[in-house]
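J.: Can you read through this structure? Questions will come right after.
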Amino acid sequence: MRKISIAGVALCLVAVCTSASLAQTQIQTIQVGPAGVDGMPMPMPGQARQLKTGTGRIKGRLVTTDTGMPVRRALVRISGPDIMPKTATTDANGGYEFRDLPAGRFNINATKAGFVTMNYGQTRPFEPGKAIDLIEAQVLDKANIAMPRGSAISGRLVDEFGEPVADAQVTALRSAWVNGRRRLQPAGRMAQTNDLGHYRIYGLPPGEYYVSGTLRGGGEVFVMESVTATILNAGGGGASSGSEPRSGYAPTYFPGTPNGADAQRIQPALGQEMGNADFGLQPVRLVKVSGAVIGSDGRPVEGAMMQTVPRNAAETGPNPLFAMGGSARADRNGQFTLNGIAPGDYTLQVRGVQMITSSAGGDTMMFTRRLEGDGQSESGSVPLTVGGEDVTNVMVMTSKGVSASGRVVFDGGTKPSNTPPLRVSAMAIDADGPAGMPGMPGGSASLTPDSTFEIRGLSGTRLIRPTGLPAGWVLKSVTVDGADVTDTGIAIKPNQPVTGVEVTLTSKSTSVTGGVTTGSEPATDYTIVIFAEDAEKWTAPMTRHVAFARPNQEGRYRIRDLPAGSYYAIAVPYIAQGEWNDPDVLGRLKTNATRFTLAEGEAQTLDLKLSAN
């Protein structure tokens, strides 16, 4: 990582990305699960991280599933809420070891090119692994992982003339339930076509995939937290170099359709190579979108950043971060032009930014800092439909974000001693609004000594969440003037500040623990799903009312920090990652599930029988 100081501002430049390296850098995503799911590899959102050391050890071996031979020089990673992630490389016998571990719960993950990435305790594709519960000074020496050889999908990408398309990104996508919707999500690594148009995506678990091909040019945008780096005139040959491309290619799905609903599934078996997945990119006419940005004071907004986000990306395409239609910056008169926009339905989002520029050798590197949450920036959005002709005179009116203020209350009235720095964040939960994609952080504010806060510059619909909670404390509720908005969020209205927000924390956390039997024998390989009796809570944004767990090395499960209420619980032999958030799946599981009630602060033991679902 390279650190650069420009005009007195220190910036950490992590990567200068071409379109290929951008996608490869960001293809692996972290999904934030429901609060209270124990065994997650990182501390749950809002919990303070307290690092520890100890004298415990975990050892094991990596072997191939087909022959039992050692998997040498594989990368093994251990993570847990009380340690920084550590890595080890397997030796000539496939062995690995982690030392100096404190008592706690850990997850282990193993990767090697050509093999399916596996978690400790995972026996099926897309299944969560098992956690390891370690007591003080314990040595666990049989944390073995069997690694199957990965499947592969290969083929050739051509243009409308049958000529090979080089340097296109090809992605394997998998249908998954994410953030309340079924989406096509990147699965595994991304491939890039060579000069003959050939691609090969390898290391895939067996399953159903859709394959997407994308060819992009021009400036690329790399987003990391609150910093955006835009590379202009970096040899892309796009609009930034003065040219205005009038034709291009839409993101295309195998066997050659721009519509994700018409994509054809490819189903490789374990270790199988599915070849001849050839298809042609669909040519489209690229158009220009131009207009102006006017601020709340009626004056042009200089330097505003425009971004077109496909409105259907959430349902039928990859994460919108990989499917941006285009971006531009308004000039001193508030005028903007977006070049190379493919036909489709978009949301044109506008945000105020500060610009820091540096020029060297004819290339310009710009760093933009988002100002959302500073109380002074303005934002806005308009729906945009693009056909085969240029779109002109698009007017975007921006408005200043409003503030949300209130206080944090510690249930019982006693603030814990040695409280870490607390913050209150407003998470965006409307994908198409000016707030951005669901789950993206928006404004946040530190807690004052009298436990009050004010988050400024907000718009859209926001989910209020505390972060940096002291150990043992969890969120109980969020109210606005007495109305519960914990799971629905706050709909921000222009020029109407939100006051009276009360965030209540409690030390009365819940837990559900137990075991599972099959007949008269204890089961050691299963997944527990617990979900609210009220079906409306299943699809709440970042729901706290649906949780899952896998057993530890002793066959016991544990789920913590569920809100008090009525629930269903079921133990199933297998369920793919994230499918427990699909309402249709939960509706089916409900039939054979066990109903129970969880009181505030209750620690309940719930033993279950393995269901055939």
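J.: Listing 142, 476, 86 from the residue with the fewest other Cβ atoms within 10 Å to the one with the most, what is the order?
T.: 142, 86, 476
J.: Next question. Just grab the label-to-label distance for residue 142 and residue 594, each label 7 Å out from Cα along the Cβ direction, in nm (one decimal).
T.: For residue 142 paired with residue 594, the spin-label model returns 2.7 nm.
J.: For residue 250, list long-range residues whose amide hydrogen, built 1.01 Å from N in the peptide plane, is under 5 Å from its own amide hydrogen.
T.: Under 5 Å from the amide H of residue 250 lie the amide H atoms of 282, 284, each far enough along the sequence or on another chain.
J.: Highest mean first, how do 95-106, 272-283 rank when packing is the count of other Cβ atoms within 10 Å averaged over residues?
T.: Peptide ranking by packing, descending: 95-106, 272-283.
J.: For region 593-606, just list the computed ³J(HN,Hα) in residue order, Karplus coefficients 6.51, -1.76 and 1.60, θ = phi - 60°, integers in Hz, with x standing in for Gly and Pro.
T.: With the stated coefficients, region 593-606 comes to 7, 9, 8, 8, 10, 10, 8, 4, x, 7, 10, 10, 9, 9 Hz.
J.: What ranking do 67-74, 496-503 get when scored by the average of other Cβ atoms within 10 Å per residue, highest first?
T.: 496-503, 67-74
J.: Which aspartates and glutamates have a Cα less than 16 Å from the Cα of residue 59, not counting those fewer than 8 places away in the same chain?
T.: Candidates past the 8-residue exclusion: 91, 97, 100, 133, 136, 141.
J.: Okay, next question. Using Cβ contacts closer than 10 Å as the measure, can you line up 525, 262, 450 from fewest to most?
T.: Fewest-to-most ranking of 525, 262, 450: 450, 262, 525.
J.: Quick one: net charge of residue 282's neighbours, Cβ under 10 Å, K/R +1, D/E -1?
T.: Result for the local shell: -2.
J.: Then there's this: Averaged across orientations, what area in nm² does the convex hull of the alpha carbons in region 56-147 project?
T.: For region 56-147, averaging the hull's shadow over all directions gives 5.5 nm².
J.: Have a look at region 511-609 and give its Rg and Dmax from the Cα atoms, expressed in angstrom.
T.: Expressed in Å, the Cα Rg and Dmax of region 511-609 come to 12.7, 40.
J.: Same structure, new question: Structure shown: which of 415/537; 86/142; 288/493; 130/609; 52/86; 476/590 lie over 23 Å apart, alpha-carbon to alpha-carbon?
T.: 415/537; 288/493; 476/590
J.: What are the residues whose amide H is under 5 Å from the amide H of residue 469, where those residues sit 5 or more places off or on another chain and H is modelled from the backbone?
T.: It is 47, 48, by chain and number.
J.: Would you work out the charge dipole size for region 511-609 about its Cα centre, treating the Cβ of every Lys and Arg as +1 and the Cβ of every Asp and Glu as -1, and quote it to the nearest 20 debye?
T.: 60 debye
J.: Fewest to most neighbouring Cβ within 10 Å: what's the order for 118, 427, 397?
T.: With the sparsest Cβ surroundings first, the list reads 397, 427, 118.
J.: Kindly rank 129-139, 567-577 from highest to lowest mean number of other beta carbons found within 10 Å of each residue.
T.: Listed from highest to lowest mean packing, they are 567-577, 129-139.
J.: Continuing with this model, one more query. Quick one: Cα centre-to-centre distance for region 484-538 and region 102-117, in angstrom?
T.: Comparing the Cα centres of region 484-538 and region 102-117, I get a distance of 27 Å.
J.: Okay, moving on. I'd like to know which of 139, 92, 107 lies farthest towards the positive end of the charge dipole of region 56-147, counting +1 on Cβ of Lys and Arg and -1 on Cβ of Asp and Glu.
T.: 92
J.: Tell me, what is the FRET efficiency for residue 135 and residue 270 to the nearest 0.05, using R0 = 56 angstrom and their Cβ-Cβ distance as r?
T.: In this case the efficiency is close to 0.95.
Laboratory data are not the source of any read-out in this text; all were calculated from the coordinates shown. Predicted, not measured: the structure shown is a model, and the values here were computed from it. Here the Cβ is made from the backbone with ideal geometry for all residues, glycine too, and neighbour counts use every protein chain on show.
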